There are 2 protein chains.
Amino acid sequence: MNIGQAAEHTGLSAKTIRYYEDIDLVTPARRRDNGYRDYVERDIHMLRFVARARDLGFSVEDCRVLLALYDDKGRKSADVKEIALRRVADIDEKIEALKGMRATLAHLAEKCHGDDRPDCPILDEFAEGGSERI
Amino acid sequence: MNIGQAAEHTGLSAKTIRYYEDIDLVTPARRRDNGYRDYVERDIHMLRFVARARDLGFSVEDCRVLLALYDDKGRKSADVKEIALRRVADIDEKIEALKGMRATLAHLAEKCHGDDRPDCPILDEFAEGGSERI
DNA sequence: ATAAGGCTTCCAGTTACTGGAAGGTCAAGG
DNA sequence: CCTTGACCTTCCAGTAACTGGAAGCCTTAT
């Protein structure tokens, strides 16, 4: 399977797949006589594994650890769980912060006339600088 | 106020403040005779605004737009309102995406034994059900 | 006078790709 | 057989948004 097909099967771009090989995140694909990379089922699995983890917000370095753990017969599921739970906590924090920003912006937008008059409570609040919220 | 104090007041690093000046995101601070940057209230508020927006996932380019509107005396409050409302929609989207991610991770972590046993549903899920070795 | 720490600039590195140039390969059509 | 276009290859650069470090000047305190 060429890199193009591998890309289709994994949802990654060919560029990204080459990049992952380049940084030794995944084991290099076999080469055919013409120099083309040749992907087999196992390669696709590994790439999909990475694609999914990345999609869930794991860093490439996290993926490196996860792949090592997955490949390691003696790995502890506790290690993996800890990584996942740390990500959950990160996400919770981010969600809370976004909710705060959303409330501020929605509130200001509501107070804003939305006409052509130049005064705007959103920017006024910034100009006055009295508030830590925009 | 030196850049160090400005950093403390805004939660940004001195490096970051210089960087923001470098890319013309904020107006350059006045220089004192010794060449040191001198920050006044207005600078601090501008930096805080940027810091908060950046913290919540707004790009530097987003910040540039908001700051430009602030500087433009002829701006229409409708413009600002529109940007604010678009950001609110962006934030809602982001929150939803994060919630989805959180749900998946939390679910997987819950199913994970978290002991030393080698089988781990998180990794199994990443591999998309395959018990096959990667 | 000297040491510690803050300030300056500039250059390089980071993360995770992405784009593009220059060129080799392959299958189909004329 | 030749061409066309879609692949593939490598390598070099650039992106966002900083961050680290070197070299050197400035300030403050002892």
Some residue of the range A:20-36 being assigned to a helix (DSSP H, G or I), under 26 Å from B:Leu105 (Cα atoms) and not assigned by TED's automatic domain parsing to the domain that holds A:Lys81: yes
Tally of residues being within 14 Å of DNA strand C (Cβ to nearest atom) and either within 23 Å of B:Asp62 (Cα to Cα) or open to solvent by less than 70 Å² (accessible area, probe 1.4 Å) (or both) across the range B:34-51: 7
Test for B:Leu25: is it hydrophobic (A, V, I, L, M, F, W, C), more than 14 Å from chain A (Cβ to nearest Cβ), more than 9 Å from DNA strand C (Cβ to nearest atom) and open to solvent by less than 40 Å² (accessible area, probe 1.4 Å): yes
Residue in the range A:78-99 that is farther than 19 Å from B:Ala106 by Cβ and either surrounded by 15 or more Cβ atoms within 10 Å (Cβ to Cβ) or facing another protein chain (nearest Cβ under 9 Å) (or both) present: no
Cβ pairs under 7 Å, 6+ apart, first in the range A:25-50 and more than 9 Å from DNA strand D (Cβ to nearest atom), second aromatic (Phe, Trp, Tyr): A:Val26/A:Tyr20; A:Phe49/B:Phe126; A:Val50/A:Tyr20
So B:Arg31, is it among the basic types (Lys, Arg) and within 13 Å of DNA strand C (Cβ to nearest atom): yes
Contacts under 6 angstrom Cβ, first residue in the range A:51-68 being outside the structural domain of A:Arg87 (by TED's automatic domain parsing), partner open to solvent by 60 Å² or more (accessible area, probe 1.4 Å) and small (Gly, Ala, Ser), 6 or more apart: A:Ala51/A:Gly11
Close pairs (6 angstrom Cβ cut-off, 6 or more residues apart or separate chains): more than 14 Å from B:Tyr39 (Cα to Cα) in the range B:11-22, surrounded by 12 or more Cβ atoms within 10 Å (Cβ to Cβ) and of a type in the set (Lys, Arg) anywhere: none
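Can you pull out the residues in the range A:45-62 that are facing another protein chain (nearest Cβ under 10 Å) and part of a helix (DSSP H, G or I)? Before you say what the answer is, go through the steps one by one.
Of the residues in the range A:45-62, the ones facing another protein chain (nearest Cβ under 10 Å) are A:45-53, A:55-58.
Those that are facing another protein chain (nearest Cβ under 10 Å) and part of a helix (DSSP H, G or I): A:His45, A:Met46, A:Leu47, A:Arg48, A:Phe49, A:Val50, A:Ala51, A:Arg52, A:Ala53, A:Asp55.
Looking at the range B:3-20, which of the residues that are within 11 Å of DNA strand D (Cβ to nearest atom) and open to solvent by less than 50 Å² (accessible area, probe 1.4 Å) is farthest from the other protein chains (Cβ to nearest Cβ)?
Initially, the range B:3-20 is screened for residues within 11 Å of DNA strand D (Cβ to nearest atom), giving B:7, B:11-20.
Then keep just the ones that are open to solvent by less than 50 Å² (accessible area, probe 1.4 Å); that gives B:7, B:12, B:14, B:16-17, B:20.
Details: B:Ala7: 16, B:Leu12: 14, B:Ala14: 20, B:Thr16: 18, B:Ile17: 17, B:Tyr20: 16 Å.
Ranking the qualifying residues of the range B:3-20, first place goes to B:Ala14.
The values are calculated or read from the model by the stated rules, or taken from the named source; none is laboratory data. Here the structure is a predicted model, which means the values were calculated and not measured. Positions of Cβ are backbone-derived with ideal geometry, glycine not excepted, and every protein chain shown enters the neighbour counts. Side chains included, ligands, DNA and RNA excluded: accessible areas come from the protein's heavy atoms. Shrake-Rupley method; radii C 1.70, N 1.55, O 1.52, S 1.80 Å.
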